[in-house]
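These notes are about the structure you will find just below.
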Amino acid sequence: MKFILQILFNAGAIFIANRFIPGFEFSGDIIRLLVAGLAMGVINLFLRPILKLLTFPLAILASSLVSLAINAALLYIGTLVIPGLVIMGWIAYLGGAFLFAVINFIFHL
């Protein structure tokens, strides 16, 4: 049940980022949006722990910035796997990463 909610929250984050962050573009219907949410959930499930482990020394110094960079890297990986998701420019990546961080924070409450 928790993973299904995570998929819905990820799909919602992609939808919100598409509407409000310039350079963050998603084209597709609701099914494609849910599949994108699933893909981001799987990426977060498997790659986030590895990236956190690799960046642990840096995370001690500046945890918020490293976490934002990890989210941006996961979004980049998402653009490689999710058809219809295009992010142009580092500002769009950082905006999307910040939005995903906020939505995941709300989800974990």
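Please treat every number below as a calculation from the coordinates, not as lab data. Every value quoted in this text rests on a predicted model; they were computed, and no experiment measured them.
Descriptive notes on the structure:
- Between 0 and 90°, nearest 10: helix 30-54 axis offset from the chain longest Cα axis: 10
- In degrees, nearest ten, helix 63-81 long axis to first principal axis of the chain (Cα): 40
- The chain: relative contact order as a whole-number percent, Cα under 8 Å and 6+ apart: 36
- Euclidean distance of C-alpha centroids, region 1-40 and region 60-109, integer Å: 13
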